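Peer 1: Here you go, one structure.
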Amino acid sequence: MEPKKIKKPRGVARLVEGRCIACGERCMSSCPVDVILMDEQGAPIINTAKCIGCVKCVKICPAEAIEMYFTPEEQKLLDQLASQGGGAEVEVDEAEAALQKMLAAYRGVWVFIEQTDGEVAKVSWELLGTGAELAKKLDVELSAVVIGSNVESLCAEAFAHGAEKAYLLDAPVYRNYRTQPYNEAICHLIEKHKPEIILMGATGMGRDLAGAVATVVKTGLTADCTGLSIDDKRNLMQTRPAFGGNIMATIMCDKYRPQMSTVRPHVMAMPEVMPGRKGIIVRDDFAPNEQGILTKVLEVFSDKDAKNKVDIAGAEFIVSGGRGMMNAANFSILQEFADEIGAVVGASRSAVDAGWMPHDRQVGQTGKTVRPKVYIACGISGAIQHMVGMQDSDVIIAINRDKDAPIFQIATYGIVGDLFQVIPALTRRIRELRQGTGEPARAAS
């Protein structure tokens, strides 16, 4: 007579003290019997009396902050089963098996190459550098997605920036960006090739397109990421500011594919360019019928050559003013100083909200992300929302009367003093040095 199989104990879930990273209620949402609640710090409170030991919260936790607990009697039974080499009934989670099968069907990292009239947004090349790192960790191909009209030459540029393959959709219907045709094109490629990860720039076009695509393919989207990495389960760990920039949250989309993120320009480093590098071009003739597209482009107006327009995100030297500037008129001393060193003038959100500077000069979470060689913060206290937008500058110089201002925590050099004395003194000294050498003052471009 065959011996009766012993049912393997399932145990209950419990929190491992000190490991929770408050990732956003992932464990609570995964629990099928709703026995997990969250405390004020975002850590789980598990009702062990009702836990069924399904292990879903353990598997979904990115910090391994939840473990399975077994009573001494259950542990003794587990040890006995282990010594016997099996003999226990193993329950198969059909839902988990189906999920793993679906996830395994998606492979590859894609970067959408944003272009306007054949001119590529630099953030697309930056994302190819980051995409290459992710693809290497996942051991998959890095591919560029090129959509437009007469844009095949951009595939060669994508290869030079690190792409191994380029999916090309080249047709007149894609000449000017419109949400509907681009959305249909991306969704067509996703259904056909099943990428694991899709990255887009957090620009006007990227934000519009990424949201539309994620909605159609029913997957998650994390916007304005500042960091991307891979965990040991092939999930994309997407880091971005949360709760008004007061914390950095890591978000994952482990039950849906593809995983989608948008990243601001100048957040990621530009990869090394390798001219002449080759890759595979995959041409696709998918093109929506123009008659079925509701939006029509009647005329295009370009402002890239507009007078007084400054690309603060691409500037190498930035002098920014905050609430400490007191009023709009005082920004003239920053402009005078900026002219001497060849810089552009930026501002914090408080200065922009006060109407002292236009919004296109704002640096920070709700403004522009910058990575200049030198960033000079004048009268800026250093709220996290501002620091998120400039903390990757090569050199940060802070000028503030408050020696305890948070900006000094990330500053390379700090000057504790009155900016209305420090800035004019610096301007005069630089002007004297230039006049002494006969070199004319520099002007910001």
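Peer 1: Among the numbered criteria (1) open to solvent by 70 Å² or more (accessible area, probe 1.4 Å); (2) closer than 30 Å to Lys192 by Cα; (3) at pLDDT 75 or above; (4) acidic (Asp, Glu), which one does Glu114 miss?
Peer 2: Exception for Glu114: condition (1).
Peer 1: Can you find, within the stretch 153-179, the residue that is farthest from Thr130 (Cα to Cα) among those that are open to solvent by 20 Å² or more (accessible area, probe 1.4 Å) and more than 24 Å from the chain's Cα centre (by Cα)?
Peer 2: Filtering first and then ranking leaves Pro172.
Peer 1: Are any residues in the stretch 180-196 crowded, with 19+ Cβ neighbours inside 10 Å and over 11 Å from Phe286 (Cβ atoms), and if so, which ones?
Peer 2: Within the stretch 180-196, Tyr182, Asn183, Ile190, Pro195, Glu196 meet the criteria.
Peer 1: Would you be able to say whether some residue in the stretch 62-75 is assigned to a helix (DSSP H, G or I), aliphatic (A, V, I, L, M) and either at pLDDT below 95 or within 30 Å of Asn183 (Cβ to Cβ) (or both)?
Peer 2: So far as the stretch 62-75 goes, no, none of its residues is assigned to a helix (DSSP H, G or I), aliphatic (A, V, I, L, M) and either at pLDDT below 95 or within 30 Å of Asn183 (Cβ to Cβ) (or both).
Peer 1: Evaluate the following for Ile430: is it farther than 25 Å from Arg264 by Cβ and either crowded, with 22+ Cβ neighbours inside 10 Å or touching a residue at least 24 places away in the same chain (Cβ under 8 Å) (or both)?
Peer 2: Answer is yes for this residue.
Peer 1: Let me confirm something: among Cys20, Cys27, which residue is surrounded by 11 or more Cβ atoms within 10 Å (Cβ to Cβ), free of Cβ contacts under 8 Å to residues at least 40 places away in the same chain and under 22 Å from Met237 (Cβ atoms)?
Peer 2: It is Cys27.
Peer 1: Please enumerate the residues belonging to the stretch 341-372 that are within 22 Å of Ala425 (Cα to Cα) and either basic (Lys, Arg) or buried (at least 21 other Cβ atoms within 10 Å of the Cβ) (or both).
Peer 2: Ala343, Val344, Val345, Gly346, Ala347
Peer 1: Still on this model: What number goes with the only condition from (1) on the phi < 0 side of the Ramachandran plot; (2) open to solvent by less than 20 Å² (accessible area, probe 1.4 Å) that Asp392 does not pass?
Peer 2: (2)
Peer 1: Also, I was wondering about something else. Considering the stretch 135-151 alone, what residues qualify as being surrounded by fewer than 23 Cβ atoms within 10 Å (Cβ to Cβ), in contact (Cβ under 8 Å) with a residue 12 or more places away in the chain and either charged (D, E, K, R) or part of a helix (DSSP H, G or I) (or both)?
Peer 2: Answer for the stretch 135-151, where residues must be surrounded by fewer than 23 Cβ atoms within 10 Å (Cβ to Cβ), in contact (Cβ under 8 Å) with a residue 12 or more places away in the chain and either charged (D, E, K, R) or part of a helix (DSSP H, G or I) (or both): Lys137, Leu138, Glu141.
Peer 1: What do you reckon, is Trp125 part of a strand (DSSP E or B) and either open to solvent by less than 40 Å² (accessible area, probe 1.4 Å) or out of contact with any strand residue (DSSP E or B) (no Cβ under 9 Å at 6 or more places or on another chain) (or both)?
Peer 2: When the stated conditions are applied, Trp125 does not pass them.
Peer 1: If you scan the stretch 197-227, which residues turn out to be open to solvent by 60 Å² or more (accessible area, probe 1.4 Å), of a type outside the set (D, E, K, R) and part of a helix (DSSP H, G or I)?
Peer 2: Within the stretch 197-227, Gly204, Thr215, Val216 qualify.
Peer 1: Could you check how many residues of the stretch 374-396 are free of Cβ contacts under 8 Å to residues at least 24 places away in the same chain and in contact with a Leu (Cβ under 9 Å, 6 or more places away or on another chain)?
Peer 2: Residues flagged as free of Cβ contacts under 8 Å to residues at least 24 places away in the same chain and in contact with a Leu (Cβ under 9 Å, 6 or more places away or on another chain) within the stretch 374-396 amount to 0.
Peer 1: Any chance you could count how many residues in the stretch 241-297 are under 23 Å from Leu142 (Cβ atoms) and not in a loop (DSSP other than H, G, I, E, B)?
Peer 2: Qualifying residue count, the stretch 241-297: 11.
The values are calculated or read from the model by the stated rules, or taken from the named source; none is laboratory data. Being a predicted model, the structure only gives us computed values, none of them experimental. When we count neighbours, we look across all protein chains shown, and the Cβ atoms used for this are built from the backbone with ideal geometry, even at glycine. The accessibility values were calculated without ligands, DNA or RNA, using every heavy atom of the protein model including side chains. Shrake-Rupley method; radii C 1.70, N 1.55, O 1.52, S 1.80 Å.
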